[in-house]
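Enquirer: Next up is a structure, given as structure tokens.
The values are calculated or read from the model by the stated rules, or taken from the named source; none is laboratory data. All of these numbers come straight from a predicted model, not from anything done at the bench. Neighbour counts run over all protein chains shown; Cβ positions are idealised from the backbone, glycine included. Just the protein is used for accessible areas: all its heavy atoms, side chains included, with ligands, DNA and RNA removed. Shrake-Rupley method; radii C 1.70, N 1.55, O 1.52, S 1.80 Å.
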Amino acid sequence: MPAVGGINTGGGKEYPGSLTLFVTVTCIVAAMGGLIFGYDIGISGGVTSMDPFLLKFFPSVFRKKNSDKTVNQYCQYDSQTLTMFTSSLYLAALLSSLVAATVTRKFGRKLSMLFGGLLFLVGALINGFAQHVWMLIVGRILLGFGIGFANQSVPLYLSEMAPYKYRGALNIGFQLSITVGILVANVLNYFFAKIKGGWGWRLSLGGAMVPALIITVGSLVLPDTPNSMIERGDREKAKAQLQRIRGIDNVDEEFNDLVAASESSSQVEHPWRNLLQRKYRPHLTMAVLIPFFQQLTGINVIMFYAPVLFSSIGFKDDAALMSAVITGVVNVVATCVSIYGVDKWGRRALFLEGGVQMLICQAVVAAAIGAKFGTDGNPGDLPKWYAIVVVLFICIYVSAFAWSWGPLGWLVPSEIFPLEIRSAAQSINVSVNMLFTFLIAQVFLTMLCHMKFGLFLFFAFFVLIMTFFVYFFLPETKGIPIEEMGQVWQAHPFWSRFVEHDDYGNGVEMGKGAIKEV
């Protein structure tokens, strides 16, 4: 038996085929769906640190920030209305992801991407031309609906199109697009904030139309996945599509397994209710706890509010925006490390190393801020070396997340679900992710005001817990075809008690009456 929670993948089925140019281009285009999510994460924090934006929509925050110099630095952005501007998007994404599960299953992954792009496009237009706070909120809600659809469909699409040997790297293209979106948003915020007349924030918010158009047009030209075609009864086209994306004619073995899994799936009338069955206990646990822990790393505190956070701990506005750009660059580069290594080193290794690295960095940042700011939040003049230390360790923290919990938080759930519960389980995954993103975005500035530097220790505690969780409960899924994923639960020292051999056949995920020996 390998390390606790691992699995020996030797002896598993190997489908023929290679990584074709067609699949590579298709997955790159599909992964662009992450741009809308990343752009919004990056843009909201920068905009809320721009004085013209605050003066127009949140004048009380503007006064606390600029007029009242006695205000505790930890509390200068503490406004429930301001945080609602950011967090309303994620509440909307939570609600739309529930609808998106049905759309994705019955009408295909492409249509769900199209809905996501169109909704995000309309939301960006409303935000760019907003004159009142209610317009901002309505725009954010539409953006959230778009993100809910995109986050539901894109990871599934990538996992189903990619050859299993390269599934990790291609699926992480989604996370890479998120990080690129964050970086682009941070760079645009930096330059748009310098526009005379104070209307640069409109360009920042309205600029979301560009990634929205990319995913909208992309969804129209992308081919459907063989899994989705089979699921909707079009087997001849599905086989031709599988031959095209694998680059060979002999795809009978993989195709037959896909058909058998689909037949099992079609017998499932209530996928939501079926999620509660004992044999799906491991899948449901991962669908809930992985996105829960991903948000409790505290990463969105950094990404949502990087400029606000840096401003709150004493950096000037330009320095705060530039610091956000620096963390954005680190985010992109580190995600490329994950793309390179996820199918070489495995998911668990990256999860565990990233957890240890984040834990150390959060402890150092908490100590640095606590030593300088104390509990009154008034540090006086900050020396340059101090700012460098804080930004350096935040960057090391961001890099750890970007090659571990960032991409793997989307990859692992999208590849472990059997077809009969895949859309419903992915919807749970997205919903939990958006719920806790919403909660953290809504309460973060209040928590910063009250918990002060202890906030970083709060998140460090959860990083410790989730690292133990991965070590003991998450199996290795590297190099295992999606249709054979049942073996990781059968071989796991804990989850094997919930999953019986007959639940998945001999290595292929199929229901009763559709078992195929391999």
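Enquirer: Identify the single condition in (1) open to solvent by 50 Å² or more (accessible area, probe 1.4 Å); (2) part of a helix (DSSP H, G or I); (3) of a type in the set (Gly, Ala, Ser) that Gly233 does not satisfy, given that it satisfies every other one.
Expert: It fails just one condition, (2).
Enquirer: Moving to a separate point now. Between a first residue in the range 387-405 that is buried (at least 24 other Cβ atoms within 10 Å of the Cβ) and a second residue that is not in a helix (DSSP H, G or I), which pairs have beta carbons less than 7 Å apart while being 6 or more apart in sequence or on different chains?
Expert: Filtered contacts from the range 387-405: Phe401/Thr297; Trp405/Thr297.
Enquirer: Could I ask something else about it? Identify the single condition in (1) buried (at least 23 other Cβ atoms within 10 Å of the Cβ); (2) closer than 19 Å to Val103 by Cβ that Ile141 does not satisfy, given that it satisfies every other one.
Expert: Going through the list (1) buried (at least 23 other Cβ atoms within 10 Å of the Cβ); (2) closer than 19 Å to Val103 by Cβ, Ile141 breaks only (1).
Enquirer: Tally the residues that are within 17 Å of the chain's Cα centre (by Cα) and among the acidic types (Asp, Glu), restricting the search to the range 334-372.
Expert: Adding up the residues that qualify gives 0.
To keep it simple, each residue is scored yes or no on (1) open to solvent by 10 Å² or more (accessible area, probe 1.4 Å); (2) part of a helix (DSSP H, G or I); (3) aliphatic (A, V, I, L, M).
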{"residue": "Ala324", "(1), (2), (3)": "no, yes, yes"}
{"residue": "Asp343", "(1), (2), (3)": "yes, yes, no"}
{"residue": "Phe351", "(1), (2), (3)": "no, yes, no"}
{"residue": "Gly354", "(1), (2), (3)": "no, yes, no"}
{"residue": "Cys361", "(1), (2), (3)": "no, yes, no"}
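Enquirer: Here are Ala491, Ala514: which of them is of a type in the set (A, V, I, L, M) and at pLDDT 85 or above? Steps first, answer last, please.
Expert: Values: Ala514 fails: at pLDDT 85 or above.
The match here is Ala491.
Enquirer: Within the range 388-419, track down each residue that is within 26 Å of Asp257 (Cα to Cα) and in contact with an Asp or Glu (Cβ under 8 Å, 6 or more places away or on another chain).
Expert: Restricting attention to the range 388-419, the residues satisfying the condition of being within 26 Å of Asp257 (Cα to Cα) are 408, 410-419.
Within the range 388-419, Pro418, Leu419 meet the criteria.
Per-residue answers, yes or no, for (1) open to solvent by 30 Å² or more (accessible area, probe 1.4 Å); (2) farther than 15 Å from Leu54 by Cα; (3) touching a Leu at 6+ places or on another chain (Cβ under 6 Å):
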| site | (1), (2), (3) |
| --- | --- |
| Thr86 | no, no, no |
| Leu94 | no, yes, yes |
| Ser97 | no, yes, no |
| Ala100 | no, yes, no |
| Leu111 | yes, yes, no |
| Phe115 | yes, yes, no |
| Phe129 | yes, yes, no |
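Enquirer: Also, quick follow-up: In this structure, is Leu435 of a type outside the set (S, T, N, Q), at pLDDT below 75 and under 24 Å from the mean Cα position of the chain (by Cα)? Before the answer, list the steps.
Expert: Numbers: of a type outside the set (S, T, N, Q): yes; at pLDDT below 75: no; under 24 Å from the mean Cα position of the chain (by Cα): yes.
Here the answer is no, as Leu435 does not meet what is asked.
Enquirer: Condition (residue is without any contact (Cβ under 8 Å) to a residue 60 or more places away in the chain, within 29 Å of Ala319 (Cα to Cα) and of a type outside the set (A, V, I, L, M, F, W, C)) applied to the range 170-191: is it met by at least one residue?
Expert: Scanning the range 170-191, I find no residue that is without any contact (Cβ under 8 Å) to a residue 60 or more places away in the chain, within 29 Å of Ala319 (Cα to Cα) and of a type outside the set (A, V, I, L, M, F, W, C), so the answer is no.
Enquirer: Can we say Leu276 is exposed (fewer than 15 other Cβ atoms within 10 Å of the Cβ), assigned to a loop (DSSP other than H, G, I, E, B), of a type outside the set (Gly, Ala, Ser) and touching a helix residue (DSSP H, G or I) at 6+ places or on another chain (Cβ under 8 Å)?
Expert: Working: exposed (fewer than 15 other Cβ atoms within 10 Å of the Cβ): yes; assigned to a loop (DSSP other than H, G, I, E, B): yes; of a type outside the set (Gly, Ala, Ser): yes; touching a helix residue (DSSP H, G or I) at 6+ places or on another chain (Cβ under 8 Å): yes.
In short, yes.
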